[in-house]
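Peer 1: Pasting a structure here, questions to come.
The values are calculated or read from the model by the stated rules, or taken from the named source; none is laboratory data. Just so you know, these numbers come straight off a predicted model, no measurement behind them. Cβ coordinates were reconstructed from backbone atoms using ideal geometry, including for glycine residues, and neighbour counts include every protein chain displayed. With ligands, DNA and RNA removed, areas are computed over all heavy atoms of the protein, side chains included. Shrake-Rupley method; radii C 1.70, N 1.55, O 1.52, S 1.80 Å.
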Amino acid sequence: MKKISIDSWVQLLGMFGVIASLVFVGLEMRQSQRIALVSQIQERSYAASNEIYTFTEANLDWFSSKFGIPPTTEFTMEQKAARNSENASWFFYEADYFQHSQGLMTEPVWQAKLRAMEVNLKRCEYPEIYQVRSELVEDEFKMILDGMPSQCAE
């Protein structure tokens, strides 16, 4: 049997080291990309929320204006603020969902977010907001929301 020289073993180990390094760099780049995507989604939610808060300061209903759905009744200033807050919550929870779907949120934090969504997004006062906004999210997120028990008297 032929013996393999120490030089060959060193070269082989060196090649494995290079391959392992490339795999590690690839994994790091993939994680960096996911973090960048999550950051971009969060920035969009902050921008949308700032727009909504501007509507609140102007005593306007963001939902009615943005979706062109005229209200069936005149809203009070407090109702407009509540509706605007509910719409801002949608953007934050969508960003939370995306962060969780990318593996960048711990399970206990996600469970706390789900409990908050159950209360904040499934409000009974303005079902038209839930109806419209739930159709605009990713299918998996919609399934999660639709699977939550309704607290509304039907």
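Peer 1: Leaving ligands, DNA and RNA out of it, report the carbon-plus-sulfur percent of the accessible area of segment 1-123 at a 1.4 Å probe.
Peer 2: Details: 5170 of 8230 Å².
After summing per-atom areas, the C and S share lands at 63 percent.
Peer 1: On to the next question. Would you mind getting me the FRET efficiency between THR106 and GLU43? Use the beta-carbon distance for r and R0 = 22 Å, nearest 0.05.
Peer 2: Working: r = 22 Å, r/R0 = 0.99.
Here the calculated transfer efficiency is 0.50.
Peer 1: Helix 77-101 versus the longest principal axis of the chain: what angle, 0 to 90°, nearest 10, using Cα atoms?
Peer 2: The two axes meet at around 20 degrees.
Peer 1: Rank LEU60, GLN102, TRP9 by how far each Cα sits towards the positive end of the charge dipole of segment 9-154 (+1 on Lys, Arg Cβ; -1 on Asp, Glu Cβ) and give me just the farthest.
Peer 2: Going by the Cα projections, it comes out as TRP9.
Peer 1: Using the alpha-carbon atoms, what tilt in degrees (0 to 90, nearest 10) does helix 107-120 show relative to the longest principal axis of the chain?
Peer 2: 10
Peer 1: Hey, got the Cα dimensions of the chain along the principal axes, in Å, largest first?
Peer 2: Per principal axis, max minus min of the Cα coordinates gives 91, 33, 23 Å.
Peer 1: Please get the size of the charge dipole for segment 57-129, origin at its Cα centre, with Cβ charges of +1 on Lys and Arg and -1 on Asp and Glu, quoted in debye to the nearest 20.
Peer 2: That gives a dipole near 120 debye.
Peer 1: On to the next question. For the chain, what number of Lys pairs, 8 or more residues apart or on separate chains, have alpha-carbon atoms under 15 Å from each other?
Peer 2: Close lysine pairs found across the chain: 4.
Peer 1: Roll a 1.4 Å probe over the protein chains and send me the accessible area per residue for the chain in Å².
Peer 2: Details: 10360 Å² over 154 residues.
That works out to 67 Å² for each residue.
Peer 1: Calculate the FRET efficiency for LYS2 and PHE24 from the Cβ-Cβ distance with a Förster distance of 25 Å, rounded to the nearest 0.05. All intermediate terms of the calculation are to be shown ahead of the outcome.
Peer 2: Details: r = 34 Å, r/R0 = 1.35.
With a Förster radius of 25 Å, E is 0.15.
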